[in-house]
1. On a 1.4 Å probe surface of the protein chains, which of Ser158, Ser89 comes out largest in accessible area, and what is the full order?
2. Quick one: compute the contact order of segment 146-275, relative version, from alpha carbon pairs under 8 angstrom and 6+ residues apart, as a percent.
3. Quick one: P(r) of the chain from all Cα-Cα pairs, 20 Å bins, percents rounded to integers, in order of increasing distance.
4. How much length, in nm to one decimal, is gained on full extension between Val105 and Leu185, taken as 0.36 nm per residue of separation minus their Cα-Cα distance?
5. How far is the Cα center of segment 222-245 from the Cα center of segment 275-299, in Å?
6. Computed over the Cα atoms of segment 60-157, what is the ratio Rg over Rh, Rh following Kirkwood?
7. Relative contact order (percent) for the chain, with alpha-carbon contacts under 8 angstrom and 6 or more residues of separation?
8. Which percent of the accessible area of the chain is formed by carbon and sulfur heavy atoms (probe 1.4 angstrom)?
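The values are calculated or read from the model by the stated rules, or taken from the named source; none is laboratory data. Note that the structure is a prediction, hence the values are computed from the model and not measured. Here the Cβ positions follow ideal geometry from the backbone for every residue, glycine too, while neighbour counts run over all protein chains shown. Heads up: the accessible areas ignore ligands, DNA and RNA and are worked out on the full protein's heavy atoms, side chains in. Shrake-Rupley method; radii C 1.70, N 1.55, O 1.52, S 1.80 Å.
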Amino acid sequence: MDSYSTRVSSMVAKLIFWLRQHLAKGPLDIALTFLWFLLAYTILVPLWQWAVSEATWSGSLVDCDSQHACWLYVRYNWDNLIYGALPRSAVWRVHAILLLMLFWVCIMLVLRHSLWPLLTFCIFMPVLLWLLLHGGYFGLIIVPTQYWGGFTLNIILSILSIALAFPVAIILLLASQSSLLAVRLLGRVIIEFFIGIPLIVHLFFATLVLPLFISPGFVPDKFIRVIMMMSLFGASYMAEVLRGGVQGISKAQFEAADSLGLTYFQKMAYVILPQAIQAVFPGLVNLVIALFKDSVLVSTVAMLDVIAMMQSTLANILWMPYFVEGYLFVGALFWSICFGASQVARKIEAKIKIGR
């Protein structure tokens with residue numbers, strides 16, 4: 001009993017010490033702590049009551065009231081918000097794609113010092129995604145791209161654009177640093193063109209203007225045009241981030257690679273680029289997350305992503321009063337994916353630093 005009391009006393013003493021060190025070091029700290037708690041209580045308690053404790057989670061619309069959240073909107077429109085017009089018999093294909101992504105993430109975590117998992121992801125993932133989701137092979141029924149929608153479409157657009165952007169970024173980086181003037185100028189022009197114009201303008205160009213310059217029978221699918229623009233847009237930013245990483249590599253690394261008799265491409269592939277990617281890894285993760293969030297812009301070019309599906313469901317007179325719940329749900333979806341990606345990236349970054 002005495003040992004138990006001693007442990008409790010020790011824990012209380014440690015708690016008091018921590019509170020004094022972090023929250024009550026002086027009069028100013030005490031005042032700021034009090035204000036923060038008062039602000040949190042003023043905002044969080046009403047929000048909790050509106051969104052959770054007094055919200056309507058089940059039943060019918062009759063049970064909803066205008067003073068609290070009605071999450072029945074999400075419950076009854078879940079399939080439309082997540083899968084859009086995708087045939088429900090093909091939903092398993094989306095789940096298979098997500099499992100493949102998880103598999104590649106695990107491989108990258110294990111083989112963190114090798115670029116091969118990342119390169120194989122960029123090469124094979126777009127192919128597997130198209131074969132699975134579009135169908136037409138191995139007995140799978142064809143699902144046209146106009147039926148792809150909901151949050152699934154945002155994920156698909158992000159996977160494809162990020163996977164295609166990385167190898168294109170390396171090509172643009174090498175081109176912009178080439179000793180050939182024409183190649184170097186071409187690389188810089190492409191990078192500056194896509195960086196200097198907002199993504200939404202590129203999307204409007206791809207969907208509305210580009211078909212005017214191509215014969216009607218040869219116009220690619222709108223989904224492919226959007227992916228092309230998003231990939232080039234992301235690749236241009238990635239190329240600039242990678243350029244900063246390459247410039248941060250010491251001259252001794254280049255000289256050591258030259259002394260080994262490596263060719264230019266061997267030097268970049270085995271010595272320079274792996275170190276540059278490790279150095280700018282947080283910046284690349286930020287770009288990936290930003291490109292994922294930018295996928296909502298496709299709703300402006302009549303693609304039925306999660307924003308477009310939410311707006312179409314809210315057009316129903318039954319769901320019109322619950323637009324706040326709709327936007328909060330979409331925000332929660334994006335936040336959860338971005339938060340999870342950032343946490344995985346932190347773990348990879350920590351292992352890379354330990355490896356160094």
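1. Ranked from most to least accessible, the order is Ser89, Ser158.
2. On the way: 93 pairs, mean separation 40.4, N = 130.
Relative contact order comes out at 31 percent.
3. 22, 45, 28, 5, 0
4. Details: separation 80, 0.36 × 80 = 28.80 nm, distance 3.57 nm.
Extra length from Val105 to Leu185 when fully extended: 25.2 nm.
5. 10
6. Working: Rg = 18.0 Å, Rh = 15.8 Å.
Rounded to two decimals, Rg over Rh is 1.14.
7. Values: 314 pairs, mean separation 67.1, N = 356.
It comes to 19 percent, rounded to a whole number.
8. Working: 14750 of 20540 Å².
It is 72 percent, rounded to a whole number.
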